[in-house]
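Beneath this line is the structure, given in structure tokens, with notes to follow.
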């Protein structure tokens, strides 16, 4: 059976160059970067080289880059660590409604501990409401965290405008760039962002590494206490192979961004046009133009996402969905909800995330398989019956 | 194939659902919806002179489990007396399917409710319309 992997937002295959770069650190170069002997030196040098590469992806000072185990850990460190570091200045924190749970949940935890949290709404395309953001800023606001782009619906946030609103007020600005970093050039100096979260796996690196870059002089309270690794800001022995892989991935992401974007954009446009052209009652979710080049997310009316996912899987196609039925918590995607998409429509969520290994033939195969899958589910859908009867 | 969360039996029913459809001149119709996620099932029944379910069909909007549950219960109920069919529980359906994932036990397992509703609908129609109704 033909196999087509269109769930690259969940995981990517590892590019050969990245794998090659990691291999010595899975065998002879096994040292601990904290050790003072030559094995330690080799591991430490490799981690520092990776630090340079990852920091330069966002044009940040390498000293400010803290390696973590994943994007989630980096977001936790940013939200809790930055907020707690500014506690004397104020008690108010602002996030957007479409942030990843690794931002929203730490914000909720801080709220339970006495912090005041404002969740800024987004419009129907998933863009942060800038007026509401401006209104939310107060004398005691110490931290604003707005993602650079949303991986679920692809919408790119107006970070420049957001930074403009926040700056000059003695408020820290953090951005979760996990979904954005491979596609969008981010320059912390130019934007005036104080902290950025990155994740290895969304840069075509391996799992098991993430990073938080923090501007020099910004107070950060460590969340993982132990040894003095990462300048005392994150304890625990570094995951050297993954960090080395992340470094290589960041280097490639910077060098090849434009060609990759163009490749992904062409595939994505082919997919979107094909789906819209072949299916009725289907909508692209997220912003039509300001979106990540690899993201094609839709809601397909009158059918449920998990059922689509299973039928596509039975024909070798891997996708994901933000429907309630596909989530372990049985709640439909908070991102789709925040965009004002009603629950029964959000049930038809389907996300195709393209990757560098995909081909036009992959997309053509999907476009051949998807319409009968949707037709089959609609033929057994009482909601579709109702719609047809009401339409007459 | 993926989806290790479902038993083989659930997947088999999901991939090849039995008795899907609508009965134009149904004797009873039962509709249940899950207000949280919007899942929906509509069951249609035909009742014969012996008071047995001669036909059971359904339409379902929902996940793999919801579709498999509908298919399984339609098979279980067909040919049964109304009394017997009313005794089929959610747990019975789940058991026949070789189990359902914990988190799907309540949300997707609406088939028994929809079937029972269709039978109630039949009984109420008969009460209203007298013996002559329908047949």
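Read-outs: derived from the displayed coordinates by stated rules, not from any lab. What you see is a predicted model, and the numbers here were worked out from it, not measured in a lab. Because the Cβ atoms are built from the backbone with ideal geometry, glycine has one as well, and the counts that use them run over all protein chains shown.
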(request) Distance from a point 7 Å along Cα→Cβ of residue A:170 to each backbone N in the range A:209-225: keep the residues under 16 Å and list them by number. (result) A:218-219
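In what sequence do B:81, A:289 fall when counting other Cβ within 10 Å, fewest first? Walk me through the intermediate numbers first.
Working: B:81 13, A:289 6.
The most exposed by this proxy come first: A:289, B:81.
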(message) Please list log₁₀ I(q)/I(0) at q = 0.21 Å⁻¹ for the range A:29-106, using the Debye equation with identical point scatterers on the alpha-carbon positions.
(response) -1.01
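By counting other Cβ atoms within 10 Å of each Cβ, how are A:325, A:70 ranked from fewest to most? Before the final figure, lay out the partial values.
Values: A:325 27, A:70 21.
Final ranking by Cβ density, sparse to dense: A:70, A:325.
Express in nm, to one decimal, how much length is gained between residue A:289 and residue A:359 on full extension, taking 0.36 nm for each residue of separation and deducting their alpha carbon distance. Could the numbers behind the result be given before it?
Values: separation 70, 0.36 × 70 = 25.20 nm, distance 2.20 nm.
So the extension gain works out to 23.0 nm.
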(request) Give, as ranges by residue number, the residues of the range A:195-224 whose backbone N falls under 16 Å from the point 7 Å along Cα→Cβ of residue A:63. (result) A:213-220
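Quick check: residue separation of residue A:258 and residue A:26 times 0.36 nm, minus the Cα distance between them. What number comes out in nm? It would help to have the intermediate numbers written out before the result.
On the way: separation 232, 0.36 × 232 = 83.52 nm, distance 3.13 nm.
Computed gain between residue A:258 and residue A:26 is 80.4 nm.
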(request) Provide the gained length on full extension for the span residue A:387 to residue A:130, in nm with one decimal, where the gain is 0.36 nm per separating residue minus the Cα-Cα distance. (result) 88.8 nm
(message) If you restrict to DSSP beta bridges whose two residues both lie in the protein assembly as shown, what percentage is antiparallel, to the nearest 5?
(response) 65 percent
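What does DSSP give for the range A:16-253 in terms of the percent of beta bridges that are antiparallel, rounded to the nearest 5? Could the numbers behind the result be given before it?
Numbers: 11 of 26 bridges.
So the antiparallel bridges amount to about 40 percent of the total.
Report the antiparallel proportion of the DSSP beta bridges in the range A:110-200 as a percent, rounded to a multiple of 5.
25 percent
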(request) Whole Å is fine, so just give me how far the alpha carbon centre of the range A:69-88 lies from that of the range A:327-392. (result) 35 Å
(request) Averaged over every viewing direction, what's the projected area of the C-alpha convex hull for the protein assembly as shown? Give it in nm², one decimal, please. (result) 28.0 nm²
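Rounded to a whole number of µm²/s, how large is the Stokes-Einstein D of the range B:8-127 at 37 °C and 0.692 mPa s, given Rh as the Kirkwood radius over C-alpha pairs?
236 µm²/s
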(message) Viscosity 1.306 mPa s, temperature 10 °C: what is the translational diffusion coefficient of the range B:56-135 from Stokes-Einstein with a Kirkwood Rh over Cα pairs, rounded to a whole number of µm²/s?
(response) 119 µm²/s
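For each of A:102, A:34, A:353, count neighbouring Cβ atoms within 10 Å of the residue's Cβ, then give the residues from fewest to most. Present the calculation step by step, with values, prior to reporting the outcome.
Values: A:102 22, A:34 13, A:353 28.
Exposure proxy ranking, most exposed first: A:34, A:102, A:353.
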(message) Calculate the FRET efficiency for residue A:219 and residue A:123 from the Cβ-Cβ distance with a Förster distance of 51 Å, rounded to the nearest 0.05.
(response) 0.90
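Just the number, please: Stokes-Einstein D of the range A:16-253 in µm²/s, Kirkwood Rh from C-alpha pairs, 10 °C, 1.306 mPa s.
My calculation gives 89 µm²/s for D.
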